[in-house]
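Quick note: the coordinates plus some simple rules give every number you see, no bench work behind them. This one's a predicted model, so the numbers in the text were calculated from it and none came from an experiment. No Cβ is skipped: glycine too gets one built from the backbone with ideal geometry, and neighbour counts run over all protein chains shown.
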Amino acid sequence: MKKCLIVDDSREDRQIAAKYLRKFGFQVKHASDGAEALGMCEQNMPDVILLDHFMPKIDGLEFLKRLNKTRGGGRPVVLFCSAESDAGALGRALWQGAAECLIKPFDADLLDFKLHQVGALVEREAVSA
């Protein structure tokens, strides 16, 4: 089972995303900020990271910089999420290694599409099994 780490300071957003990801067959863990997430990644690197842009302590862009310096940090597929469509920030996220960007709020269908697009989900049959 693939592992996904949801990094978001909004408890509600984490719960909604977790519901979708479990439906797609992911084992889900949560972090409320980038600092907590980095510690979790150092212990057990996930396959996918759903990463919020604006968070306390370490925001999404800084998290990406630090993740890249972490052992195995290039392995996870990172989906960068933001409530704002700031083209500069989204571009920096992609430049720093995010596989794709999502504008919040998003629904299960869009998340499913993005996960397939970046190769984190391969076939629908495997997801529903």
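Give the Cα extents of the stretch 1-50 along the principal axes, in whole Å, largest first.
Here the spans come out as 27, 24, 10 Å, largest first.
Beyond a 19 Å Cα-Cα separation, which of these cross-linked pairs lie in this structure: Lys69/Lys114; Lys65/Lys104; Lys2/Lys69; Lys19/Lys104; Lys19/Lys114?
Going by Cα-Cα distance, Lys69/Lys114; Lys65/Lys104; Lys2/Lys69 fall outside the 19 Å limit.
Quick one: Cα convex hull volume of the chain, Å³ per residue?
90
Within 10 Å of each residue's Cβ, count the other Cβ atoms and sort Ile6, Ile58, Ile103 from fewest upward.
Fewest to most other Cβ atoms nearby, the residues stand as Ile103, Ile58, Ile6.
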